[in-house]
Amino acid sequence: MDSFLLARGLKTLDVRMQRHGENAIKVARMLEEHPMVAKTFYPGLDSHPDRELADAAFRSGRDNDDDEYIQTYGGMISFITVGEDDDALRRARNVCERLRVINLAVSLGGVESLCEHPASMTHTMISREQRKAGGLHDGLIRVSIGIEKASDLVNDLKNALDLCDEDGCDVE
């Protein structure tokens, strides 16, 4: 049975991956402009330091340079909420808790959109000093963008970021 499901899933892999990428660039562009986001990491953004490398590496299922396909860069996005230490930690938690379309999870991947806040989930047992030394900011949120309607995902994240101030997390 597992072989049958795998074979069936492979038939639609290309179109699912295309949708992941098309949705992700829309979400990443919104995040890059949002005042509650200090930094957005997505290889499809012009601001990404490895954009040129990503253009060559991400082929979007193409065998050649067929202009018929839209270039996409996968469905994984990371971003950092504004602030430091406790402020960033609180903001990131608030964002994750206020999401309604994107679900909080420790394992990312699949067709549904999922997010993770490493500092309060997978890396919570590691001290802040060790996390920072390893490059893990307290405000970092990882998002696996799914195949839902792109505007639903953009609006969900935007609303969650806008509501971050509801807990007294004003940007100064």
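The values are calculated or read from the model by the stated rules, or taken from the named source; none is laboratory data. As the structure is a computational prediction, the values presented were derived from the model and not from experiment. Positions of Cβ are backbone-derived with ideal geometry, glycine not excepted, and every protein chain shown enters the neighbour counts. Side chains included, ligands, DNA and RNA excluded: accessible areas come from the protein's heavy atoms. Shrake-Rupley method; radii C 1.70, N 1.55, O 1.52, S 1.80 Å.
Some values worked out for this structure:
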{"read-out": "When residues of segment 107-151 are limited to those that are open to solvent by 70 Å² or more (accessible area, probe 1.4 Å) and of a type in the set (Asp, Glu), the one nearest to GLY75 (Cα to Cα)", "value": "GLU112"}
{"read-out": "Which numbered condition ASP86 fails, given (1) open to solvent by 40 Å² or more (accessible area, probe 1.4 Å); (2) modelled with pLDDT of 95 or more", "value": "(2)"}
{"read-out": "Members of segment 70-108 found to be of a type in the set (Gly, Ala, Ser) and over 16 Å from the mean Cα position of the chain (by Cα), listed by number", "value": "GLY83, ALA88"}
{"read-out": "SER78, sole failed condition from (1) modelled with pLDDT under 95; (2) buried (at least 17 other Cβ atoms within 10 Å of the Cβ)", "value": "(1)"}
